[in-house]
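**Q** Structure incoming, see below.
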Amino acid sequence: MENLPKIIDETQWPLEIKIHDPLRDHTFQGRIVLPAVETMQLLAHATKSRVPDIHTSLIQDIRFTKFLFMDADTKTVDAVHEVRVFDDGTVRSRLLTTFKSKKNSITRPQEHAQLLWTRNPETTPLPPYDSLLGLEGIGLEVPAQKIYQDLVPFGPAYQNITSPLLMTGEGGLCSVSGGVDTLPAGPLGSPFPLDASFHAASVWGQHFMGLITFPVAIKKRLILQPTVFGKTYLCKTIFIKKESDSLFFDIWILGPDGNICEGALGVQMKKVAPLDSQPQPPMPQEGKKDLEWIRKKCRDLALIELKTIEESAKRILSPDERERLQDMTRERGASYLAARLALKRLSRRMSGNDTTTPADTIVTVTPDKQPRCPLTNGEEGPYCSLSHDKRFAVAVVSDNKIGIDVEEISDRVLKPRRFYMNEKETLLAKNSSLNEVEAFLRVWSIKEAASKATGLKLATVWSKTSVTEIGREKSVVEIDGTLWEVFHEKVDNHLFTILTLQNP
């Protein structure tokens with residue numbers, strides 16, 4: 001206890017909070033409530049005026065202890081700003097109001113928030129850029145209109161998610177607006193992008209955990225480039241853990257140039273009301289499945305939604321990888337970038353969750369244009385395989401030769417079947433309990449996976465292998481006289497197929 005910093009100065013000043021019209025759009029259960037982002041802005045401005053040498057680019061140990069509610073006709077709120085200076089150079093700000101007991105008219109201070117500032121900020125390590133791109137897992141898309149109509153019912157000034165929110169078990173990704181310049185400028189930049197990111201975290205919690213949550217604490221907020229009014233940013237919310245009635249996230253906001261503008265780490269979103277306390281339709285349940293069946297058949301798997309890939313993802317590429325991208329169409333380039341991202345994520349996990357190696361030094365393609373998943377120290381990694389369609393890129397690693405394939409389910413496999421199927425396979429597919437499209441597609445997909453697992457050209461696999469059983473989740477293929485089990489999983493009208501050739 002003797003090592004704790006000691007208070008060397010404590011001062012309180014009156015603080016008048018002006019309730020600008022946009023703040024009236026921020027309500028909870030029908031009452032205006034001071035937003036967390038406005039509270040931080042307010043305390044940053046007030047503290048900077050009293051202690052000019054604090055660094056507002058780093059805020060730590062942020063706690064929103066009690067909502068500050070206001071009536072609809074409130075113009076100003078009389079508050080108290082308390083500053084405590086510690087002997088280690090840190091400064092703690094607190095926002096207080098005076099509460100009067102109805103029983104005995106005794107007044108006492110009531111804390112609404114507190115923040116910790118520093119005069120000598122340490123450098124905060126940034127996450128590898130590839131970890132901030134894309135989303136792993138099967139995605140669920142929620143339109144912005146639905147968010148603000150049913151799930152986060154704030155008024156127009158605080159409706160700043162501007163694109164559909166795409167969510168997977170990893171977290172959420174969406175565009176957010178810097179908002180309209182209707183509030184006084186502050187040292188922390190526009191409050192609206194971070195506020196909108198809290199909305200994204202809240203929607204994620206409602207869908208995946210059944211909790212309506214508000215931010216109550218942030219371990220650290222790092223501002224590298226203050227956001228500004230009128231611009232559009234990319235927000236990624238990464239789910240960390242659940243504890244009791246709280247969900248924890250790391251939030252990153254990237255600028256139009258792809259650079260990190262700010263991060264909010266260890267954001268605690270706490271349950272404030274049951275889901276049935278507000279009228280809203282139930283969230284759909286798609287998106288929770290994440291290839292559980294296929295994952296059991298490999299060492300690790302990374303699945304990326306192509307629509308979450310931004311142009312700035314090019315910066316994760318090595319020189320060789322970037323050269324291959326140059327001649328690709330936009331659509332093909334998105335698949336290529338997602339595939340590289342999937343392999344680099346696997347590479348980091350295979351290397352003990354390495355977060356320090358630059359993404360552009362992890363080379364995921366061989367000189368003969370085959371996928372590879374090296375360890376981040378440059379050593380060769382395990383066997384890997386890669387596939388993509390119009391929606392997904394999927395990569396897998398294994399200690400054995402392996403092949404993965406993903407296909408959108410459609411009748412396009414029917415017409416060319418005489419090229420990739422023999423007579424026995426055709427009869428087997430037609431007699432299958434599956435419909436014709438799904439049965440034929442399984443044969444196609446099995447041979448795609450077999451080509452990758454064996455290293456043989458696809459045309460050779462078409463003629464030299466034979467599918468002997470076709471099932472919904474498991475099939476059998478004969479390769480050079482040996483029978484191998486093949487596994488399938490269907491998600492959102494896409495078929496995933498995996499084949500592992502066990503070592504003798």
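**Q** Return the whole-Å distance between the Cα centroid of the range 81-153 and the Cα centroid of the range 241-262.
**A** Here the answer is 13 Å between Cα centres.
**Q** Once the dipole of the chain is set up with Lys and Arg at +1 and Asp and Glu at -1 on Cβ about the Cα centre, which of CYS298, GLY333, SER190 lies farthest towards its positive end?
**A** About the Cα centre, the residue reaching furthest to the positive side is CYS298.
**Q** I need the peptides 485-491, 452-458, 337-343 ranked by packing, meaning the mean over residues of other C-beta atoms within 10 angstrom, with the highest value on top. Display every interim value, and only then the final one.
**A** On the way: 485-491: 19.7, 452-458: 16.9, 337-343: 27.3.
Highest mean packing first, the order is 337-343, 485-491, 452-458.
**Q** Take the Cα gyration tensor of the range 7-117, multiply each eigenvalue by 5, square-root it, and list the three semi-axes largest first, rounded to whole angstrom.
**A** Sorted largest first and rounded, they come to 25, 18, 12 Å.
**Q** Dipole of the range 7-117, Cα-centred, from +1 at each Lys and Arg C-beta and -1 at each Asp and Glu C-beta, to the nearest 20 debye?
**A** 480
**Q** Please compare each pair in LYS297/LYS457; LYS314/LYS369; LYS344/LYS424; LYS430/LYS457; LYS6/LYS66 to a cut-off of 29 Å on the Cα-Cα distance and tell me which ones are over it.
**A** LYS344/LYS424
**Q** For the range 1-65, which GluC sites (Glu not before Pro) pass both filters: DSSP loop (anything but H, G, I, E, B) and at most 10 other C-beta atoms within 10 Å?
**A** Loop-located and lightly packed - GLU2.
**Q** Related question: Tell me whether the range 129-277 comes out rounded, prolate or oblate; compute the Cα gyration tensor, take square roots of the eigenvalues as a ≥ b ≥ c, and use a/c under 1.5 as the rounded threshold.
**A** It is rounded, given that a/c, with a ≥ b ≥ c, falls under 1.5.
**Q** So how do 258-266, 199-207, 108-116 stack up, highest first, on mean other-Cβ count within 10 Å?
**A** Answer by packing, highest mean first, reads 199-207, 258-266, 108-116.
**Q** Separate question: Kindly write out, for the range 367-380 in residue order, the coupling ³J(HN,Hα) from the Karplus curve 6.51 cos²θ - 1.76 cosθ + 1.60 (θ = phi - 60°), rounded to whole Hz, with x marking Gly and Pro.
**A** Whole-Hz 3J(HN,Hα) from phi for the range 367-380: x, 9, 6, 9, x, 9, 10, x, 6, 5, 8, x, 5, 5.
**Q** Could you sort the peptides 157-167, 428-438, 380-390 by per-residue average Cβ neighbour count (10 Å cutoff), highest mean leading?
**A** Details: 157-167: 22.0, 428-438: 14.5, 380-390: 19.7.
The packing order, highest mean first, is 157-167, 380-390, 428-438.
**Q** Still on this structure: Find the centroid of the Cα atoms in the range 295-316 and in the range 400-462, then give the distance between the two in whole Å.
**A** The two parts, judged by their Cα centres, are 24 Å apart.
**Q** Using Cβ contacts closer than 10 Å as the measure, can you line up ILE251, ILE240 from fewest to most? Don't skip to the answer; put the middle values down first.
**A** Working: ILE251 25, ILE240 15.
Ordered by Cβ neighbours within 10 Å, fewest first: ILE240, ILE251.
**Q** Multiply the residue gap between LYS369 and ALA459 by 0.36 nm, knock off their C-alpha separation, and tell me the result in nm, one decimal place.
**A** That pair, LYS369 and ALA459, stretches by 30.6 nm at full extension.
**Q** Shifting gears a bit: Pull out a ≥ b ≥ c, the square roots of the eigenvalues of the alpha-carbon gyration tensor of the chain, then state rounded if a/c is under 1.5, prolate if not and a/b is larger than b/c, and oblate in the remaining case.
**A** It is prolate, given that a/c is not under 1.5 and a/b is the larger ratio.
**Q** In nm, what is the difference between 0.36 nm times the number of residues separating ARG50 and ASP88 and their Cα-Cα distance?
**A** Details: separation 38, 0.36 × 38 = 13.68 nm, distance 1.77 nm.
My answer for the length gained is 11.9 nm.
**Q** Let me ask another. If a cysteine in the chain has no other Cys Cβ under 4.7 Å from its own Cβ, put it on the list, ordered by number.
**A** CYS174, CYS235, CYS261, CYS298
**Q** Here's another thing I want to ask about it. Go through SER432, SER463, ILE446 and say which Cα lies farthest out towards the positive end of the charge dipole of the range 388-468; charges sit on Cβ, +1 for Lys and Arg, -1 for Asp and Glu.
**A** SER463
**Q** Please state the charge dipole magnitude for the chain, taken about the Cα centre, from unit charges on C-beta atoms (+1 on K and R, -1 on D and E), reported in debye and rounded to the nearest 20. Can you show the working numbers first?
**A** Working: 64 positive and 65 negative charges, 89 e Å.
The dipole magnitude comes to about 420 debye.
Read-outs: derived from the displayed coordinates by stated rules, not from any lab. The structure displayed is predicted, hence computed values, not measured ones. Positions of Cβ are generated from backbone atoms using ideal geometry, with glycine treated the same way; all protein chains shown enter the neighbour counts.
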